[in-house]
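Following: one structure in structure tokens, then a few remarks.
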Amino acid sequence: MIVQIKFNDGLTMMFGDSYKPWRIQFDEYCWENKKELGEIEEVSCSNTDWIGWGGLKWCPEESFQHQLNREGCQSADEDNPNARQYSDMTFAFDSVIARTAVRILQDARSGQTDHQLLLKGKLPKGA
């Protein structure tokens, strides 16, 4: 799954299920950036697989196609000639995913999520 989160300050970030679920990746991102993040404006998701190479946790939307181009490549390799295309992926609103994203951001701002549980790979409370 890929989750696209748009903030009201113009930032759009991509998160996905990789070695940890997107919720854990987003929670970590919120903890690291909670003072700079705007409010969540829109959340959409795709059933497309997250980038399966290199341990990517998240990335800005504007570099997502580049990450897809590099999927399966070593650093010295040319881009993948058969890369998946971001423009071909379908994203749709999901109310459960949206509520979860808003709750995670609110928890990070209020300090309610136990960051040590996050680091151990356990889901935040209520996620």
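Going by a ≥ b ≥ c, the root eigenvalues of the Cα gyration tensor, does the chain fall in the rounded group (a/c under 1.5), the prolate group (a/b larger than b/c) or the oblate group? The shape class here is prolate.
Take the chain with all the other protein chains still there, run a 1.4 Å probe, and you get 56 Å² of accessible area per residue. Rounded to the nearest 10 degrees, the inclination of helix 22-33 to the longest alpha-carbon principal axis of the chain is 70 degrees. Within the range 16-106, the trypsin sites (Lys or Arg not before Pro) that combine a DSSP coil assignment with at most 11 other C-beta atoms in a 10 angstrom radius are 35.
Report in % the part of the accessible area of the chain that belongs to carbon and sulfur, leaving out ligands and nucleic acids; probe 1.4 Å. It would help to have the intermediate numbers written out before the result.
Working: 3300 of 7110 Å².
Of all accessible area on the chain, carbon and sulfur atoms account for 46 percent.
Only DSSP H runs of four or more residues enter the estimate; each adds -39500 (n - 2.57), and after division by the residues of the chain the mean residue ellipticity at 222 nm equals -9000 deg cm²/dmol. In degrees, nearest 10, range 0 to 90: what is the angle between the Cα axis of helix 95-110 and the longest Cα principal axis of the chain? Helix 95-110 sits roughly 60 degrees off the main axis of the chain. The phi-based Karplus calculation (6.51 cos²θ - 1.76 cosθ + 1.60; θ = phi - 60°) puts the 3J(HN,Hα) values of the range 60-71 at x, 3, 5, 10, 5, 4, 4, 5, 5, 4, 8, 4 Hz, whole numbers, x for Gly and Pro. The longest part of the chain holding none of the exposed loop chymotrypsin sites (Phe, Trp or Tyr not before Pro), meaning those outside H, G, I, E and B in DSSP with at most 12 other Cβ atoms within 10 Å, is 20-92.
The values are calculated or read from the model by the stated rules, or taken from the named source; none is laboratory data. In this text the structure is predicted, and so the values were computed from the model without any measurement. Quick reminder, even Gly has a Cβ in these numbers, built from the backbone with ideal geometry, and neighbours come from all protein chains shown. Each accessible area value is taken on the protein alone, full model and side chains, heavy atoms only, with ligands, DNA and RNA left out. Shrake-Rupley method; radii C 1.70, N 1.55, O 1.52, S 1.80 Å.
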